[in-house]
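Asks: Shown below is the structure under consideration.
Every number here is computed from the coordinates shown, using simple stated rules; none is lab data. As the structure is a prediction and not an experimental result, all values here were calculated from the model. We place every Cβ from the backbone using ideal geometry, glycine too, and count neighbours over all the protein chains shown.
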Ligand SMILES: CC(C)(COP(=O)(O)OP(=O)(O)OC[C@H]1O[C@@H](n2cnc3c(N)ncnc32)[C@H](O)[C@@H]1OP(=O)(O)O)[C@@H](O)C(=O)NCCC(=O)NCCS
């Protein structure tokens, strides 16, 4: 089921939303497209950057696709999450720096750690539970892959994201003050995955997976 041009795909399903895991190539293109709908991001990611980051490491690209009100058989991605493994010894300078900053708060040896790198919901589709559904889906996927902790980084000024991560039970594990603008201070959060046992699936997620 390949996504077509413009991020739209035609599916014959009788539900308004569904979660889909994308392969790297088409997922990277979809994210580049969907990020055009975000005013919040300082710098939007290109498909090439996404491919370079994810290639050769365990990763997941998850999206909520919604049927469009004006044409219900036509589906488009409205919310997404991208996560990848981070390891004790990283060669990529950006990831090596991230691991160093997190080391005092997160254990990297003896457990697999997933980094929730990118994510968001299109502004016109927010507040409907799509990001929660993706978070729960990602958590099940992570547990099945043997991850024991999910970490995420945000900034002080991203109030919506901070509130949402709180609702999704991420704990703040580190705060890095910015020397000039406190809004740019970095906040690191983590969720432990309960010894690798899946929680009972919530109705909020199940409605995305019924076909
Ligand atoms: C943060 C964001 C992803 C939330 O997406 P969403 O699809 O609207 O979220 P959901 O509807 O699934 O809500 C998930 C939970 O967070 C809560 N939540 C969502 N937005 C919230 C807000 N603005 N304030 C307080 N709580 C909020 C919801 O109440 C829900 O909790 P509940 O299930 O316990 O009721 C979306 O607002 C977004 O993309 N924002 C911009 C992204 C951003 O700031 N990125 C910065 C880089 S990190």
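Asks: For the chain, set up a Gaussian network in which alpha carbons nearer than 10 Å are linked by springs, and say which option among 83, 105, 28 fluctuates the most.
Replies: Checking each option, the largest mean-square fluctuation is seen for 105.
Asks: Please arrange 82, 197 by counting, for each residue, the other beta carbons lying within 10 Å of its beta carbon, fewest first.
Replies: Listed from fewest to most nearby Cβ atoms, that is 197, 82.
Asks: Run the quick spin-label model on residue 141 and residue 52: label points 7 Å from Cα toward the beta carbon, then report their separation in nm to one decimal.
Replies: 2.3 nm
Asks: Can you compute the helix-only [θ] at 222 nm over the chain? Use -39500 (n - 2.57) per DSSP H run of at least 4 residues, normalise by all residues, nearest 500 deg cm²/dmol.
Replies: So the calculated ellipticity at 222 nm is -8500 deg cm²/dmol.
Asks: Next question, about the same structure. Mind checking which of 130, 167, 59 has the largest fluctuation in a GNM of the chain, springs on alpha carbons under 10 Å?
Replies: Between 130, 167, 59, it is 167 that shows the largest mean-square fluctuation.
Asks: Return 64, 152 ranked ascending by Cβ neighbour count within 10 Å, so the fewest neighbours appear first.
Replies: Neighbour counts put them in this order, fewest first: 152, 64.
Asks: Taking a label point 7 Å from the Cα of residue 201 along the Cα→Cβ vector, which residues of region 125-148 have an amide N closer than 16 Å to it?
Replies: Residues passing the 16 Å test: 133-145.
Asks: How far is helix 24-34 tilted, in degrees, relative to the longest principal axis of the Cα atoms in the chain, given as a value from 0 to 90 rounded to the nearest 10?
Replies: Taking the Cα atoms of the chain, the angle to 24-34 is about 80 degrees.
Asks: If you don't mind, another one. Would you mind checking the tilt of helix 93-102 against the longest principal axis of the Cα atoms of the chain, expressed as 0 to 90 degrees and rounded to 10?
Replies: 70 degrees
Asks: Mind pulling the angle between the C-alpha long axis of helix 130-144 and the longest principal axis of the chain? Nearest 10 degrees, somewhere in 0 to 90.
Replies: Rounded to the nearest ten degrees, it is 60.
Asks: Still on this structure, I have one more. So which residue, out of 132, 201, 18, gets the largest mean-square fluctuation from a GNM of the chain using Cα contacts under 10 Å as springs?
Replies: Evaluated over the chain, the most mobile residue of the options is 201.
Asks: To continue, here is another question. Arrange 121, 154 by Cβ neighbour counts within 10 Å, fewest through most, would you?
Replies: Starting with the residue having the fewest Cβ neighbours, the order is 154, 121.
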